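A.B. asks: My questions will all concern the structure given below.
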Amino acid sequence: MAVVFQGIGAATAISSTNASVSTRMPFSSRGSPSGGKASFLIVRSDGRLSSGSNSRCRRADQLITNAVATKAESSTASTSSKPGHELLLFEALREGLEEEMDRDPRVCVMGEDVGHYGGSYKVTKGLAEKYGDLRVLDTPIAENSFTGMAIGAAMTGLRPIVEGMNMGFLLLAFNQISNNCGMLHYTSGGQFKIPVVIRGPGGVGRQLGAEHSQRLESYFQSIPGIQMVACSTPYNAKGLMKAAIRSENPVVLFEHVLLYNLKERIPDEEYVLNLEEAEMVRPGEHVTILTYSRMRYHVMQAAKTLVNKGYDPEVIDIRSLKPFDLYTIGNSVKKTHRVLIVEECMRTGGIGASLTAAINENFLDYLDAPIVCLSSQDVPTPYAGTLEEWTVVQPAQIVTAVEQLCG
Amino acid sequence: MGLVRILCRRLCRTSFLRHATSSINSTTEIGVVGHRSLASACRDSPSPIFFFRRFESTEAQFQHVYSDSEDDTQETLDYPGGRIPFTSQMRFISEFPEPRIPCYRVLNEDGYPIVRKIAEQMTKEEALKIYRSMVTLQIMDTVFYEAQRQGRISFYVTSAGEEAINISSAAGLSPDDLVLPQYREAGVLLWRGFTLQEFASQCFGNKYDYGKGRQMPIHYGSNKHNYFTISSPIATQLPQAVGAAYSLKTDGKDACVVTYFGDGATSEGDFHAGLNFAAVMEAPVIFFCRNNGWAISTPLIDQFRSDGVVVKGQAYGVRSIRVDGNDALAIYSAVRAAREMVITEQRPILIEVLTYRVGHHSTSDDSTRYRPADEIEHWGTARNPIARFRKWIDRNGWWTEDDESKHRANVRKELLNAIQVAERAEKPPLSELFTDVYESVPPNLREQEELLRENVKKNPQDYPSNVAL
């Protein structure tokens, strides 16, 4: 993986040193995609490598500079050696899904229109033709029921991925998700496990109306027994999809309606990300901005303005919504002493509200100012374009908030 | 006129052969036409009109039909979903079949076999095992109920009146079949080998409970017995059963899924979707409805207005049967036949058993408040399923009064002992509060566990001293 090679030996001219670099690598990707205990690389958000299993990974001894975009936001180094390939976010999700389906025959997909139609956002396009329509299953319209079906299948040994056509529809599946998915491993005394992945697009789109603009992460965050992650780039979408499928716990993967067509160059090699880790998007000194999903892009846009105004924001995409990566977040708070949370959830009871409480509880001594949380208002998302725009946090608001926070 | 009409109908039939498979011989019986369900309709229809022979010379007739089609009164038309015959009679389908769907029974009220062939298929060993298990279940229910009343366990649910349903249905299955129960099916687990001690451990929530003390009493679960852990919300197991069946289907296993539920559960959305899904997925599930007349205090008239649950099967395209729930032999034979069909044909089947819930809904209920005591008495004695089966095995010379009293005494003794042992056994330790929420205990839960341990250490007087940490 190009960016990985970058750090070893601090080589800048990558192409010529490829061969020698690879021999110095302690972890070689011996693993084959098709099953078995494959050895593969887990790239941590700060660029460090770990090998092997999908559960907690050890901190590698190797110091590698940031794998993800640095201040200069350049991935130009990656293009000169092994370039990887460019694709859109929904294609990255599909690639991750396909690789996992190749690797493990127990992985299957179920949802509305996921089969020959390829999914309403084309995440499962082509999979039914490849794996058959039993493994990529079209279901009737009954979210509670196909989620229940996935739970039953998981308890019997399969690894299903449930696609909600829109996250908002999964409110109908709340009973199965809360009472069964999150609980049955516990109440059965560990006898039955539920390795399901529940995924789908959510968030505020472009004039989709209130029912199709739900932020379900608010409602689900209390359910014990599940994990929640939100992807925001093609790179982390593929990595998180693979990690979620390999996890033995039920995972809810939040995608965003407006991010499906983001393009990025991702590595050719296999990689799996850590479900519980946050991603350092832009290191900085003055203020910690915590965000996830679509708001990451609003924050980065605001960051450009802020940099021009002389501020140095540290931007972290928290990625893991349940549990929070308080290690990465804490380190950042200890460095900058100021926190701004930018989210799409409603003010009341959202991810921001929980995160504010968690940071206050754990890092109060390190804060120089109260935590500021920018979120949507407690209103159903209106249809009219201008009204809708006013309910979503905009870059200008983020700039103002940082200016006020930093003085 | 008659001949012309018949000829016209014949021509209309041939036009829809375009949907059938192309290789047709001159005198092929047409059974399969287009959509599968229509095929079954053609095969099973009592009307002979739909069954006809095709002749070689039909080729020319195709054209003939088409050119005439505008003028002919078409009897059928192509709609999405298949070909539908027309009628000029405006007839509403009745909301209630008259007569009602009959109930399959093998032994009459006095234990005489009406269908000797079926009765003869059961061996003495099987019959005695079934009988003994029914009695064990009855005694277990009585003793645990008493234990709850004495305050030794917090809650209990009996299967009084439904012993035949529990044991016989389990006897008709194989141990590989997956069971997704509601909560009144402890007998199924008993049949599969769950011991009285294991039952007691779960009810007392001690450290030997497979659920590690996390669920209410009677919420049994045992993966080695293929009995999925009971979850209180009604009917949630129905779509899960379809998922489990889907899993079996992908593995091609010689096993099916059986899911139990009551009459009340058929009102839940999950019942509707579960049956629908099973039919569409062609999932090998037996949907077993215990229609016992009461959903806590809600009688059937307030639950649904259909002719019971069996008629709902056809609404979803699911084959169904109604069985006498107090007749152990009928249930046994019906379940065995259903299992055969479910596995070989890969289709769901709905079995509605009619019975009566003799006990209260649970220990939190007093059913004499909403139904007459003599009705309960009648079903508990005159219509008792155990007594009925006993008459049959007595008459066969397989069981004596002596056997009865010995068996009852043994079971009672074993059970009382199991309860004492379970009561004295330790409760699960504090560490089990935080395990199994996830695959491995995450840092935030570890933190919460530490806080709790600190608290317990600081204030030992506020916490039970006989529970390990």
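The values are calculated or read from the model by the stated rules, or taken from the named source; none is laboratory data. Small disclaimer: the values here were computed from a predicted structure and weren't measured. A quick note on method: Cβ atoms are made from the backbone with ideal geometry, for glycine too, and the neighbour counts reach across all protein chains shown. Accessible surface areas use protein heavy atoms only, side chains included; no ligands, DNA or RNA. Shrake-Rupley method; radii C 1.70, N 1.55, O 1.52, S 1.80 Å.
A.B. asks: Take the Cβ-Cβ distance between B:GLU450 and A:SER222 as r, set R0 to 22 Å, and report the resulting FRET efficiency rounded to the nearest 0.05.
C.D. replies: Between B:GLU450 and A:SER222 the formula returns 0.55.
A.B. asks: Computed over the Cα atoms of the range B:299-342, what is the convex hull's projected area averaged over all directions, in nm²?
C.D. replies: 3.8 nm²
A.B. asks: Net charge within 15 Å of A:LEU184 by Cβ-Cβ distance, Lys/Arg positive one each and Asp/Glu negative one each, not counting A:LEU184 itself?
C.D. replies: The answer is 0.
A.B. asks: Whose amide H sits under 5 Å from the amide H of B:ILE114, counting only residues 5 or more places off or on another chain, with H placed in the peptide plane?
C.D. replies: Placed amide hydrogens put B:LEU107, B:ASN108 under 5 Å from B:ILE114.
A.B. asks: According to the Cα gyration tensor, what semi-axes, each the square root of 5 times an eigenvalue, does the equivalent ellipsoid of the range A:198-353 have, listed from largest to smallest in whole Å?
C.D. replies: 23, 18, 17
A.B. asks: In addition: List the GluC sites (Glu not before Pro) in the range A:253-304 that DSSP assigns to loop (not H, G, I, E or B) and whose Cβ has at most 16 other Cβ atoms within 10 Å. Which are they?
C.D. replies: A:GLU269, A:GLU285
A.B. asks: Now for a different question. For B:ALA425 and B:ALA315, compute 0.36 nm times the residue count separating them, minus their Cα-Cα distance, and round to one decimal in nm.
C.D. replies: 34.5 nm
A.B. asks: Now for a different question. Place a point 7 Å from Cα of A:ALA357 in the direction of its Cβ. Which residues in the range A:229-253 have their backbone N less than 12 Å from it?
C.D. replies: Counting only backbone N, you get no residues.
A.B. asks: At a cut-off of 30 Å², which residues of the range A:153-172 become less accessible once all protein chains are present than in their chain alone, using a 1.4 Å probe?
C.D. replies: Checking the loss per residue gives A:MET155, A:THR156, A:LEU158.
A.B. asks: Would you list A:TRP390, B:TRP294 from the most to the least accessible area, probe 1.4 Å?
C.D. replies: Sorted descending by solvent-accessible area, the residues read A:TRP390, B:TRP294.
A.B. asks: Quick one: if the Förster radius is 22 Å, what FRET efficiency do B:ASP302 and B:ARG383 give, using the C-beta to C-beta distance and rounding to 0.05?
C.D. replies: 0.45
A.B. asks: Between A:LYS335 and A:LEU364, what is the spin-label point distance in nm, taking each point 7 Å from the Cα along the Cα→C-beta axis?
C.D. replies: Calculated label separation equals 2.6 nm.
A.B. asks: Given points 7 Å out from each Cα along the Cα-Cβ axis, report the B:ASN417 to B:SER154 separation in nanometres with one decimal.
C.D. replies: Placing both labels 7 Å beyond Cα along the Cβ direction yields 3.0 nm.
A.B. asks: Residue by residue through B:264-276, how many Cβ atoms from other chains fall within 10 Å of the Cβ on average?
C.D. replies: Going residue by residue through B:264-276 and averaging, the value is 3.
A.B. asks: Using the structure shown, select from B:LYS124/B:LYS391; B:LYS253/B:LYS312; A:LYS122/A:LYS193 the pairs with a Cα to Cα distance greater than 19 angstrom.
C.D. replies: Check vs 19 Å cut-off fails for B:LYS253/B:LYS312; A:LYS122/A:LYS193.
A.B. asks: Residues of B:229-241, mean number of Cβ from any other protein chain within 10 Å of their own Cβ, rounded to a whole number?
C.D. replies: Counting other chains' Cβ atoms within 10 Å and averaging over B:229-241 gives 6.
A.B. asks: Take the alpha-carbon positions of the range B:141-207, form their convex hull, and give its projected area averaged over all directions (one quarter of the hull surface) in nm².
C.D. replies: Its average projected convex-hull area is 4.9 nm².
A.B. asks: Starting from the 7 Å offset along Cα-to-Cβ, what nm value, one decimal, do you get for the label separation of B:PHE96 and B:ASP110?
C.D. replies: Reported label-point gap for B:PHE96 and B:ASP110 is 3.2 nm.
A.B. asks: Once A and B are treated as a pair rather than alone, how much accessible area drops out, both sides summed, in Å² to 100, probe 1.4 Å?
C.D. replies: Protein heavy atoms only, the A-B interface buries about 3400 Å².
A.B. asks: For the range B:329-467, just run the numbers: alpha carbon Rg, then divide by 2.2 N^0.38 Å, N being how many residues it has.
C.D. replies: 1.76
A.B. asks: Right, next: What does the convex hull of the alpha-carbon atoms of the range B:118-244 project to on average, in nm²?
C.D. replies: Result: a mean projected hull area of 8.3 nm².
A.B. asks: Counting other C-beta atoms within 10 Å, and keeping those with at most 11, which DSSP coil trypsin sites (Lys or Arg not before Pro) do you find in the range B:262-333?
C.D. replies: Passing sites in the range B:262-333 are B:ARG305.
A.B. asks: How many Å² of accessible area per residue for the range A:129-196, probe 1.4 Å?
C.D. replies: 27 Å²
A.B. asks: Okay, moving on. Are there chymotrypsin sites (Phe, Trp or Tyr not before Pro) in the range B:116-220 that DSSP marks as loop and that have at most 15 other Cβ atoms within 10 Å, and which are they?
C.D. replies: Qualifying residues, ordered by number: B:PHE155.
A.B. asks: For A:LYS309, list the lysines whose Cα falls under 30 Å from its own Cα; do not include residues on the same chain fewer than 8 positions away.
C.D. replies: A:LYS71, A:LYS263, A:LYS334, A:LYS335
A.B. asks: Another one. Given 0.36 nm per residue, what is the gain on full extension from B:MET341 to B:SER88 after removing their alpha carbon distance, in nm?
C.D. replies: Extra length from B:MET341 to B:SER88 when fully extended: 87.3 nm.
A.B. asks: Just report the Cα centroid separation between the range B:444-469 and the range B:341-380, whole Å.
C.D. replies: Cα centres, the range B:444-469 to the range B:341-380: 44 Å.
A.B. asks: On the full set of protein chains, 1.4 Å probe, figure out the accessible area of B:LEU451 and give it in Å² to the nearest 10.
C.D. replies: 110 Å²
A.B. asks: Figure the gain on full extension for B:ASP374 and B:TRP398 (residue separation times 0.36 nm, minus the Cα-Cα span) and round it to one decimal in nm.
C.D. replies: 5.4 nm
A.B. asks: Heavy atoms only, probe 1.4 angstrom, no DNA, RNA or ligands counted: give me B:LEU173, B:LEU137 ranked by accessible area, highest first.
C.D. replies: B:LEU173, B:LEU137
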